[in-house]
Amino acid sequence: MKTMNALISVSDKTGVLEFARELHALGIRLLSTGGTARLLADAGLPVTEVADHTGFPEMLDGRVKTLHPTIHGGLLARRDVPAHMAALAAHGIDTIDLLVVNLYPFEATVAQPGCTLEDAIENIDIGGPAMVRSAAKNWKDVGVLTDAAQYPQALAELKTGGKLSDKTKFAFAVAAFNRISAYDAAISDYLSARQDDGTHALFPAQSNGRFVKLQDLRYGENPHQQAAFYRDLHPAPGSLVTARQLQGKELSYNNIADADAAWECVKSFEAPACVIVKHANPCGVAVGADALEAYAKAFKTDPTSAFGGIIAFNRPVDAAAAQAVAKQFVEVLMAPGYTPEALDVFKGKANVRVLEIALPSGGATDWDNGRNAIDVKRIGSGLLMQTADNRELAAHELKVVSKKQPTPEQLQDLLFAWKVAKFVKSNAIVFCAGGMTMGVGAGQMSRLDSARIASIKAQHAGLSLAGTAVASDAFFPFRDGLDVVVDAGATCVIQPGGSMRDQEVIDAADERGVVMVLTGVRHFRH
């Protein structure tokens with residue numbers, strides 16, 4: 001039987017020495033380049049330098065070493081085509097049966113703050129991707145490994161069957177093309193964003209999406225639509241796509257969309273919080289001393305809408321909170337963790353989708369790394385891209401424009417209401433008091449209608465809006481919106497300001513004897 005040849009040339013040498021030892025023990029001949037060859041030789045492994053294999057020395061500071069017919073002929077020759085094999089024999093070329101390559105660290109290099117264009121260019125791999133493409137194209141005859149995570153599977157098959165299965169070789173080839181695609185996209189993004197003055201634009205001239213499919217979904221928003229769930233190639237810690245499903249039915253398209261709305265909202269609170277979402281809008285939000293209290297307050301806002309809702313906590317769920325949640329019909333439950341007793345509670349509700357999203361390192365509410373930097377909305381044959389609405393408002397940034405000044409309690413309620421309004425579809429009106437929502441009006445074409453709906457919601461839940469704080473995601477264009485919320489019981493209002501009639505609205509606040517605070521920040525959410 002012909003001796004197999006393995007060409008190993010890796011930038012990231014994690015696990016490669018151990019892998020090469022196993023290949024050698026299996027009687028596989030080792031070819032290598034540069035630093036990888038030195039690593040193997042220093043460990044006592046017999047290794048042939050690529051320059052010796054090709055009979056052509058490395059040149060141009062190593063830029064040209066594997067770009068040679070002896071290498072690519074050995075990778076591309078089809079073993080089942082006699083003419084290919086005759087050509088190899090005529091030119092004294094050996095086949096290469098296993099290619100182990102990972103690429104120059106371009107992505108890591110350009111992520112460094114001091115990276116120059118020269119640094120970036122030098123870390124664009126040429127020979128590596130060329131070999132990977134050759135091997136992956138000829139996948140039936142060549143196994144191509146581009147990730148150290150593939151080493152154990154490859155070894156297991158080589159040890160048991162003496163070769164890689166066709167299924168494995170094809171899977172490795174697909175992974176190889178995916179890696180090349182992501183690598184080229186990273187280069188394109190970086191260079192497309194470079195400007196004449198050496199800085200980088202926030203939005204590159206060409207944007208290359210890099211996403212990995214997590215699962216096919218049963219259907220999309222409606223049963224006649226098809227759908228799938230993807231994540232970023234490198235997802236941020238604490239983001240929804242990192243969730244681990246502990247039990248329950250398969251997530252649907254709408255489950256995932258609503259879960260994201262709930263998770264993004266609950267992450268914005270430092271105190272123990274609970275968010276209940278229905279159709280992408282929070283219908284109940286509250287903070288409390290613990291998960292149980294936060295849930296009880298959030299549920300009280302709108303028990304009707306909470307039925308079949310999505311519930312998110314920013315603290316681990318214990319048995320007491322679990323027992324309270326289990327009394328209602330819930331589609332999805334999310335939290336950073338669960339006690340064993342809490343999980344036992346939900347075992348009796350097998351359809352409830354229970355998701356655990358691990359906390360990022362840094363503390364119980366360190367969610368910053370889990371936020372999107374850029375938001376994208378699909379339109380006809382195009383994309384709208386913007387920086388994500390991650391603007392947080394501090395108390396010292398508020399501008400009190402009314403004669404009446406807010407009390408410390410009112411100020412706390414105003415900031416809470418403002419935080420919730422950011423996650424409610426526009427036009428948004430949110431009544432709050434005591435660290436909980438009291439009425440939410442969302443997604444109306446008229447701000448007046450949103451205010452009226454919020455009042456109706458509170459009435460249906462049996463809640464009094466007397467003494468509440470109100471947040472409006474955008475300015476009041478006329479005083480009528482203010483009058484509606486004050487008539488409902490609000491005593492303090494937070495809004496962006498910026499209307500041509502700001503003074504008219506401020507005068508109305510003084511006339512009604514309520515507090516008005518301006519943020520200078522708008523939170524439209526379409």
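None of the figures in this text is laboratory data; all of them are computed from the coordinates on show. What you see is a predicted model, and the numbers here were worked out from it, not measured in a lab. Cβ placement follows ideal geometry from the backbone for every residue including glycine, while neighbour counts extend to all protein chains displayed.
Shape of region 384-466 from the C-alpha gyration tensor: oblate (a/c of 1.5 or more and a/b not above b/c, with a ≥ b ≥ c the square roots of its eigenvalues).
Under 8 Å for C-alpha pairs, at least 6 residues apart: give me the relative contact order for the chain, rounded to a whole percent.
Working: 1035 pairs, mean separation 42.4, N = 526.
Rounded, it is 8 percent for the chain.
Place the peptides 220-226, 463-469 in order of packing, highest mean first, counting for every residue the other Cβ atoms within 10 Å and averaging per peptide. Don't skip to the end; give the middle numbers.
Details: 220-226: 10.1, 463-469: 19.7.
Put in order of decreasing packing, that is 463-469, 220-226.
Relative to the longest principal axis of the Cα atoms of the chain, the long axis of helix 16-25 lies at roughly 40 degrees. So how tilted is helix 291-301 from the main axis of the chain? Cα-based, degrees 0 to 90, rounded to 10. So the helix axis and the longest Cα principal axis differ by about 60 degrees. Positive end of the dipole of the chain (Cβ unit charges, origin at the Cα centre): among PRO129, GLY382, LEU60, the Cα lying farthest that way belongs to GLY382. Is the C-alpha gyration tensor of region 146-257 telling us rounded, prolate or oblate? Criteria: a/c under 1.5 is rounded; beyond that, a/b larger than b/c is prolate, otherwise oblate. Cα axes put region 146-257 in the oblate bin.
Apply the a/c threshold of 1.5 to the C-alpha gyration tensor of region 310-420 and tell me whether it is rounded, prolate or oblate. Please list the in-between numbers first.
Values: a/c = 2.22, a/b = 1.36, b/c = 1.63.
Oblate, since a/c reaches 1.5 and b/c is not below a/b.
What's the FRET efficiency of THR199 with VAL521 using the Cβ-Cβ distance as r and R₀ = 30 Å, to the nearest 0.05?
Values: r = 26 Å, r/R0 = 0.88.
So, using R0 = 30 Å, E works out to roughly 0.70.
Most tightly packed first, judged by the mean number of other beta-carbon atoms within 10 Å of their residues, the peptides 294-304, 419-429 read 419-429, 294-304.
By per-residue mean of other Cβ atoms within 10 Å, what is the highest-first order of 233-241, 93-101? List each step's numbers first, then the result.
On the way: 233-241: 17.2, 93-101: 23.4.
By packing density, highest mean first, the sequence is 93-101, 233-241.
Helix 127-137 and the longest principal axis of the Cα set of the chain meet at an angle near 90°. Each Lys and Arg adds +1 at its Cβ and each Asp and Glu adds -1 at its Cβ; summed about the Cα centre, the chain shows a dipole of about 1340 debye. Multiplying the residue separation of ALA83 and ASN222 by 0.36 nm and removing their Cα-Cα distance gives an extension gain of 44.6 nm.
Longer than 23 Å from Cα to Cα, which of LYS297/LYS327; LYS278/LYS457; LYS403/LYS457; LYS278/LYS419; LYS267/LYS347; LYS327/LYS347 are they? Say none if no pair is. If you can, show how the numbers build up before the last one.
Values: LYS297/LYS327 15 Å; LYS278/LYS457 14 Å; LYS403/LYS457 30 Å; LYS278/LYS419 18 Å; LYS267/LYS347 26 Å; LYS327/LYS347 13 Å.
Flagged as over cut-off: LYS403/LYS457; LYS267/LYS347.
Rounded to the nearest 0.05, the FRET efficiency derived from the C-beta distance between ALA90 and LYS163 at R0 = 25 Å is 0.45.
Determine the gain in length on full extension of the stretch LYS140-PHE478; use 0.36 nm per residue of separation and subtract their C-alpha separation, reporting nm with one decimal.
Details: separation 338, 0.36 × 338 = 121.68 nm, distance 7.08 nm.
Result for the pair: 114.6 nm of gain on full extension.
Dipole check for region 334-484: with +1 at the C-beta of Lys and Arg, -1 at the C-beta of Asp and Glu, and the Cα centre as origin, the magnitude is about 460 Debye.
Each stretch of four or more DSSP H residues adds -39500 (n - 2.57); spread over every residue of the chain, this sum gives -11000 deg cm²/dmol at 222 nm. Cβ-Cβ distance of GLU58 and GLU22, R₀ of 45 Å, FRET efficiency by 1/(1 + (r/R0)^6): the value works out to about 0.95. What is the distance in Å between the Cα centroid of region 252-301 and that of region 207-222? Centre-to-centre distance over Cα atoms comes out at 24 Å. Ordering PHE203, GLN153, ALA228 by Cα displacement along the dipole of region 153-256 toward the positive end leaves GLN153 in first place; charges were set at the Cβ atoms of Lys, Arg (+1) and Asp, Glu (-1).
Centre-to-centre, using Cα atoms only, region 63-120 and region 430-490 are separated by 65 Å. Comparing VAL50, GLN459, ALA490 along the charge dipole axis of the chain, the residue lying farthest to the positive side is GLN459, per the Cβ-charge model.
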